[in-house]
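As structure tokens, the structure follows; a few thoughts come after it.
The values are calculated or read from the model by the stated rules, or taken from the named source; none is laboratory data. These numbers come from a predicted model, not from an experiment. Quick reminder, even Gly has a Cβ in these numbers, built from the backbone with ideal geometry, and neighbours come from all protein chains shown.
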Amino acid sequence: MVDDVVRLRLDIAYDGTGFSGWAAQPARRTVQGEIEAAFATVLRMREERPALTVAGRTDAGVHARGQVAHVDLSEAAIAALSRDTEPREVAERLPGLLKRVNGVLIPDVRVRGLSVAPEGFDARFSALWRRYAYRVSDDPAGVDPLRRHDVLWHPRPLDVARLNEAAARLLGEHDFAAFCKRREGATTIRELRCLEWAREPGEGGALVATVVADAFCHSMVRALVGALLWVGDGRREVAWPGEVLRRAVRDSAVTVAPAHGLCLEEVRYPPPGELARRAEATRRVRTLPV
């Protein structure tokens, strides 16, 4: 007899400083590896770890406070954690599972929420968009020591108006090959919905770039930020990032910004009744009109 399987949604936050990125790798500490190991320990799964599917793989050093993943677990394994033998809904047992998993994890990663996923939910393919923030300080005194792990220091003054003028030329659906590391068989066509810069209030406030797209290719946000910083400090003209985008080839002048300034803030999904349809649409390979 096969146990009933339930899909769970995980809402996750982590400080990426001590991780070699999200994806599990042999002999390296990764976010996926830590969480899967924690579930395996709590659920006493000795032979095979539960496999997480994530909304967006983050690189080494990148942080998250709004990461989303899903995992498929047997109801019997979840029920076995409870000492009582009373029949309960899976959702009623999840607070206990959440507490135990976080009790095993080291404090630089936390599962902040655990819930039964709606039918058709896929953490990766059902997502409508992802929102990242990149934080930069141009304060001559440098970055606040307490923020050194999540704010980049830029040695030249930055002009917010120039940053936003250049960023506006990158919005829309384009082939972002010039700002991505290509992967075999993967498309670089993305819809960039928002790219805006604002300075945090207070003296010496950091600049924050809010970046929203339906999906991102490898190193895309950091490459966009790297190009825009050259505009913001006056070393390049406002039109330059847009010209690089249109050429659709990697420009050696585009510097990929360091990972530690980047944080995945939010992943947005459609209403439950539209999850499966969204996942099906996302799986299609996209092309641009000729």
Restricting the search to the range 3-50, which residues are in a strand (DSSP E or B), of a type in the set (D, E, K, R) and farther than 23 Å from residue 261 by Cβ?
7, 9
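Listed here are the residues, each with its yes/no results for (1) more than 18 Å from residue 287 (Cα to Cα); (2) surrounded by fewer than 15 Cβ atoms within 10 Å (Cβ to Cβ).
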site	(1), (2)
164	yes, no
169	yes, no
172	no, yes
180	no, no
183	no, yes
186	no, yes
189	no, no
193	no, no
197	yes, no
Pair list, Cβ < 6 Å and 6+ apart or interchain, from the range 5-27 residues that are under 21 Å from residue 73 (Cα atoms) and free of Cβ contacts under 8 Å to residues at least 24 places away in the same chain to residues that are crowded, with 17+ Cβ neighbours inside 10 Å and polar (S, T, N, Q)
24/30; 24/32
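Kindly indicate which of 80, 76, 166 is in contact (Cβ under 8 Å) with a residue 40 or more places away in the chain and in the same structural domain as residue 15 (by TED's automatic domain parsing). Walk me through it before giving the result.
Working: 80 fails: in contact (Cβ under 8 Å) with a residue 40 or more places away in the chain; 166 fails: in the same structural domain as residue 15 (by TED's automatic domain parsing).
Residue meeting the stated conditions: 76.
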Looking at (1) part of a loop (DSSP other than H, G, I, E, B); (2) without any contact (Cβ under 8 Å) to a residue 60 or more places away in the chain; (3) among the small types (Gly, Ala, Ser), can you tell me which one residue 161 breaks?
(1)
Just need a number here: residues in the range 211-236 that are surrounded by fewer than 19 Cβ atoms within 10 Å (Cβ to Cβ), within 22 Å of residue 133 (Cβ to Cβ) and of a type outside the set (A, V, I, L, M, F, W, C).
4
Just checking, does the range 101-114 include any residue being exposed (fewer than 15 other Cβ atoms within 10 Å of the Cβ), under 30 Å from residue 213 (Cα atoms) and among the acidic types (Asp, Glu)?
no
Pull out all pairs, ordered by first then second residue, where Cβ-Cβ is under 6 Å, the residues are six or more apart or on different chains, the first lies in the range 244-257 and is within 21 Å of residue 152 (Cβ to Cβ) and among the hydroxyl-bearing types (Ser, Thr, Tyr), and the second is outside any loop (DSSP other than H, G, I, E, B) and modelled with pLDDT of 90 or more.
255/226
Do we find a residue being free of Cβ contacts under 8 Å to residues at least 40 places away in the same chain and not hydroxyl-bearing (Ser, Thr, Tyr) anywhere in the range 106-126?
yes
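Of the residues 81, 73, 52, which single one is more than 21 Å from the chain's Cα centre (by Cα) and within 28 Å of residue 129 (Cα to Cα)? Talk me through it step by step, then tell me what you get.
Working: 81 fails: within 28 Å of residue 129 (Cα to Cα); 52 fails: more than 21 Å from the chain's Cα centre (by Cα).
Criteria check complete, one pass: 73.
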Unique residue being touching a residue at least 24 places away in the same chain (Cβ under 8 Å) and either of a type outside the set (A, V, I, L, M) or more than 19 Å from residue 223 (Cβ to Cβ) (or both) when the list is 184, 173:
173
Assess whether residue 43 counts as being surrounded by fewer than 16 Cβ atoms within 10 Å (Cβ to Cβ) and either charged (D, E, K, R) or farther than 30 Å from residue 148 by Cβ (or both).
no
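Looking at the range 196-234, which of the residues that are charged (D, E, K, R) and touching a residue at least 24 places away in the same chain (Cβ under 8 Å) is nearest to residue 152 (Cα to Cα)? Steps first, answer last, please.
Taking the range 196-234 and keeping what is charged (D, E, K, R), we get 196, 199-200, 203, 214, 222, 233.
If we keep only those that are touching a residue at least 24 places away in the same chain (Cβ under 8 Å) too, we end up with 196, 199, 214, 222, 233.
On the way: 196: 17, 199: 14, 214: 25, 222: 12, 233: 14 Å.
Top of the filtered list is 222.
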In the range 237-275, anything among the small types (Gly, Ala, Ser), surrounded by fewer than 17 Cβ atoms within 10 Å (Cβ to Cβ) and in contact with an Asp or Glu (Cβ under 8 Å, 6 or more places away or on another chain) is listed as 248
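Determine if the range 177-187 includes at least one residue that is of a type in the set (Gly, Ala, Ser), over 24 Å from residue 64 (Cα atoms) and either within 20 Å of the chain's Cα centre (by Cα) or not assigned by TED's automatic domain parsing to the domain that holds residue 253 (or both). Quick ask: steps written out before the conclusion?
From the range 177-187, those of a type in the set (Gly, Ala, Ser) are 177-178, 185-186; that's our starting set.
If we keep only those that are over 24 Å from residue 64 (Cα atoms) too, we end up with 177-178, 185.
Restricting the remaining residues to those that are either within 20 Å of the chain's Cα centre (by Cα) or not assigned by TED's automatic domain parsing to the domain that holds residue 253 (or both) gives 177.
The answer is yes; a qualifying residue exists.
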